[in-house]
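Enquirer: Encoded as structure tokens, here's the structure I'll be asking about.
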Amino acid sequence: MTRGVVLFLIAGTRGQTSGWSHPSFPEQPFGWPRGTITHKYHYTDPTHPFGTARLHYVTWGDLKSRPPMVLLHSHPRSTVEFKYLFDAMGRIGNPVPFLALDWFGMGGSDEYAAQQFSPPIPTFWSMAETVRSILRAEGVREFSVVGHMQGAHLAIELAGTPYTHDTLVKKMVLINPMILSPKAKRFVDHVYIPAAQKKYNPAADGSQLLAAWDDPSAAPMGPDGKPSSNPTDLLANQEKAVDALRCANTGWQYAAAWSDYNDKNLERMAQLDADVESLFLYGDTYLADAKKYGLDAEFSLATFAQALTHRHNTTIFVPGAGQGMLVQNASFIAPLIADFVSPKLRECGPWPPPCSDAR
């Protein structure tokens with residue numbers, strides 16, 4: 001493989017400098033520590049690679065050495081929200097490689113303009129096919145998938161639609177998934193999405209920046225229930241605010257795709273249940289606060305329960321965890337994910353909960 005201004009891989013997947021003078025990708029602006037991962041671009045139309053939308057993704061480790069994890073972020077975040085989980089899993093000795101993808105218009109990915117593409121907005125069906133194209137290009141045949149919030153439902157579609165006759169996904173981790181009740185879906189379609197379409201429009205006084213900073217879903221809370229002043233939490237809040245501002249124009253499309261997919265969740269999960277082990281991680285604070293966001297946690301839990309008839313599935317409620325569980329509770333959930341995805345590849349450490357030998 002030859003490095004240059006453009007690094008050609010295969011099947012339309014490329015890593016490139018995007019105009020920067022140094023041939024390495026500018027990692028720091030995307031929030032990942034410099035030198036820890038590899039940044040790449042996938043062109044949505046490999047036959048016309050220039051002038052078409054690019055999807056940014058990051059990889060760590062040798063994706064062919066063992067089944068990697070595919071990480072799918074939430075709205076309005078980016079791959080950066082997995083940075084803390086990656087760090088925590090490294091500290092407990094988990095060498096599982098991963099590939100994490102930014103949705104259109106989020107993180108380092110180009111926006112999805114309706115006049116350029118059909119259908120008018122991205123769907124979980126089309127994005128799952130795109131992820132499979134990237135995996136083919138990377139030579140991956142089997143993988144685990146980890147999805148957070150909206151990304152959990154993209155994970156369900158990715159796991160449920162293999163790109164060969166083989167079932168490639170054996171393990172699936174769903175973090176704070178939420179199937180919408182009819183009332184909640186109306187709220188998402190008519191309140192949440194319209195608000196996301198105009199939430200951070202530029203203002204003369206720059207107040208949209210403060211609105212992104214003060215977003216309760218962004219600001220980590222301290223033990224007193226007030227926004228945390230811990231420097232690490234403040235950095236995480238800054239990353240969340242930057243992510244939200246980055247996707248201000250078209251990030252609502254991710255929420256629309258989540259709503260559009262809603263009726264397929266039960267069918268897909270029922271299809272997957274026999275062959276795919278699922279780990280559900282719920283923040284108890286997130287579930288308790290669901291009504292604030294027009295959601296119905298009890299409906300979602302009950303609907304998933306209809307589809308899950310096999311005993312190989314596990315549900316864990318994480319105490320004190322909210323929407324920011326991937327950041328604030330990373331040290332707690334990292335061992336859970338490591339033991340579930342690849343239990344033989346790590347040694348027990350002093351992080352809770354204790355290691356599990358059952359698998």
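The values are calculated or read from the model by the stated rules, or taken from the named source; none is laboratory data. Remember, predicted model here, so these are calculated numbers, not experimental data. Heads up, the Cβs are rebuilt from the backbone with ideal geometry, glycines too, and the neighbour counts pull from every protein chain shown.
Enquirer: Any chance you could count how many residues in the range 302-327 are at pLDDT 85 or above and either in a loop (DSSP other than H, G, I, E, B) or in contact with a Gly (Cβ under 9 Å, 6 or more places away or on another chain) (or both)? Quick ask: steps written out before the conclusion?
Expert: We begin by selecting, within the range 302-327, every residue at pLDDT 85 or above; these are 302-309, 312-327.
Pick out the ones that are also either in a loop (DSSP other than H, G, I, E, B) or in contact with a Gly (Cβ under 9 Å, 6 or more places away or on another chain) (or both) and you get 308-309, 312-313, 317-325.
Total meeting the criteria: 13.
Enquirer: How many residues are aliphatic (A, V, I, L, M), surrounded by fewer than 17 Cβ atoms within 10 Å (Cβ to Cβ) and within 22 Å of the chain's Cα centre (by Cα) if we restrict to the range 289-321?
Expert: 2
Enquirer: Specify which of the listed residues (Ala218, Ala236, Ala211) is buried (at least 17 other Cβ atoms within 10 Å of the Cβ), modelled with pLDDT of 80 or more and within 22 Å of Gly320 (Cβ to Cβ).
Expert: Ala236 is the lone residue from the list that is buried (at least 17 other Cβ atoms within 10 Å of the Cβ), modelled with pLDDT of 80 or more and within 22 Å of Gly320 (Cβ to Cβ).
Enquirer: In addition: Pick out the one residue from Ala241, Ala195 that is closer than 22 Å to Glu81 by Cα and either at pLDDT 85 or above or not in a helix (DSSP H, G or I) (or both). Full working, then the answer.
Expert: Values: Ala195 fails: closer than 22 Å to Glu81 by Cα.
Testing whether each residue is closer than 22 Å to Glu81 by Cα and either at pLDDT 85 or above or not in a helix (DSSP H, G or I) (or both) leaves just Ala241.
Enquirer: Kindly indicate the residue of the range 91-107 that is at pLDDT below 90 and surrounded by 18 or more Cβ atoms within 10 Å (Cβ to Cβ) and also nearest to Thr79 (Cα to Cα) among those meeting that condition.
Expert: As a first pass, look at the range 91-107 and keep what is at pLDDT below 90: 91-96.
Okay, now just the ones that are also surrounded by 18 or more Cβ atoms within 10 Å (Cβ to Cβ), so 92, 94, 96.
Numbers: Ile92: 21, Asn94: 19, Val96: 17 Å.
The qualifying residue nearest to Thr79 (Cα to Cα) is Val96.
Enquirer: Now for a different question. Output the residue which, of all residues in the range 96-113 that are free of Cβ contacts under 8 Å to residues at least 60 places away in the same chain and part of a loop (DSSP other than H, G, I, E, B), is nearest to Lys64 (Cα to Cα).
Expert: From the range 96-113, those free of Cβ contacts under 8 Å to residues at least 60 places away in the same chain are 97-102, 109-110; that's our starting set.
Still in the list and also part of a loop (DSSP other than H, G, I, E, B): 97, 102, 109-110.
Details: Pro97: 9, Asp102: 21, Ser109: 24, Asp110: 27 Å.
Going through the qualifying residues, I end up with Pro97.
Enquirer: Can you work out which of the residues in the range 48-90 that are of a type in the set (Asp, Glu) and surrounded by fewer than 18 Cβ atoms within 10 Å (Cβ to Cβ) is modelled with the highest pLDDT? Steps first, answer last, please.
Expert: Looking only at the range 48-90, we keep the residues that are of a type in the set (Asp, Glu), and these are 62, 81, 87.
Cutting the leftovers down to surrounded by fewer than 18 Cβ atoms within 10 Å (Cβ to Cβ) gives us 62, 87.
Numbers: Asp62: 92, Asp87: 88.
Among residues in the range 48-90 that are of a type in the set (Asp, Glu) and surrounded by fewer than 18 Cβ atoms within 10 Å (Cβ to Cβ), the one modelled with the highest pLDDT is Asp62.
Enquirer: Shifting gears a bit: Given the criteria in contact with a Phe, Trp or Tyr (Cβ under 7 Å, 6 or more places away or on another chain) and either crowded, with 16+ Cβ neighbours inside 10 Å or under 15 Å from Ile156 (Cα atoms) (or both), does Thr250 qualify?
Expert: Working: in contact with a Phe, Trp or Tyr (Cβ under 7 Å, 6 or more places away or on another chain): yes; either crowded, with 16+ Cβ neighbours inside 10 Å or under 15 Å from Ile156 (Cα atoms) (or both): yes.
Yes.
Enquirer: Same structure again: Please go through the range 169-184 and pick out each residue that is modelled with pLDDT of 95 or more and either surrounded by 19 or more Cβ atoms within 10 Å (Cβ to Cβ) or in a loop (DSSP other than H, G, I, E, B) (or both).
Expert: Those that are modelled with pLDDT of 95 or more and either surrounded by 19 or more Cβ atoms within 10 Å (Cβ to Cβ) or in a loop (DSSP other than H, G, I, E, B) (or both): Met172, Val173, Leu174, Ile175, Asn176, Pro177, Met178, Ile179, Leu180, Ser181, Ala184.
Enquirer: While we're on this one: Given the residues Tyr200, Tyr286, Tyr192, which is the only one that is under 18 Å from the mean Cα position of the chain (by Cα), aromatic (Phe, Trp, Tyr) and surrounded by 13 or more Cβ atoms within 10 Å (Cβ to Cβ)?
Expert: Within the list Tyr200, Tyr286, Tyr192, the selection yields Tyr286.
Enquirer: Residues being among the acidic types (Asp, Glu) and in contact with a His (Cβ under 6 Å, 6 or more places away or on another chain): count how many of those fall in the range 51-98.
Expert: Residues flagged as among the acidic types (Asp, Glu) and in contact with a His (Cβ under 6 Å, 6 or more places away or on another chain) within the range 51-98 amount to 1.
Enquirer: Something else now. Just to check your reading of the model, which residue among Ser278, Ser259 is of a type in the set (S, T, N, Q) and not in a helix (DSSP H, G or I)? Write out each step before concluding.
Expert: Numbers: Ser259 fails: not in a helix (DSSP H, G or I).
Result of the check over Ser278, Ser259: Ser278.
Enquirer: Would you check if Leu281 is crowded, with 20+ Cβ neighbours inside 10 Å and modelled with pLDDT of 95 or more?
Expert: Numbers: crowded, with 20+ Cβ neighbours inside 10 Å: yes; modelled with pLDDT of 95 or more: yes.
When the stated conditions are applied, Leu281 passes them.
Enquirer: Something else: Which of the following residues is outside any helix (DSSP H, G or I), under 22 Å from Val146 (Cα atoms), out of contact with any Cys (no Cβ under 6 Å at 6 or more places or on another chain) and modelled with pLDDT under 80: Asp166, Asp224?
Expert: Asp166
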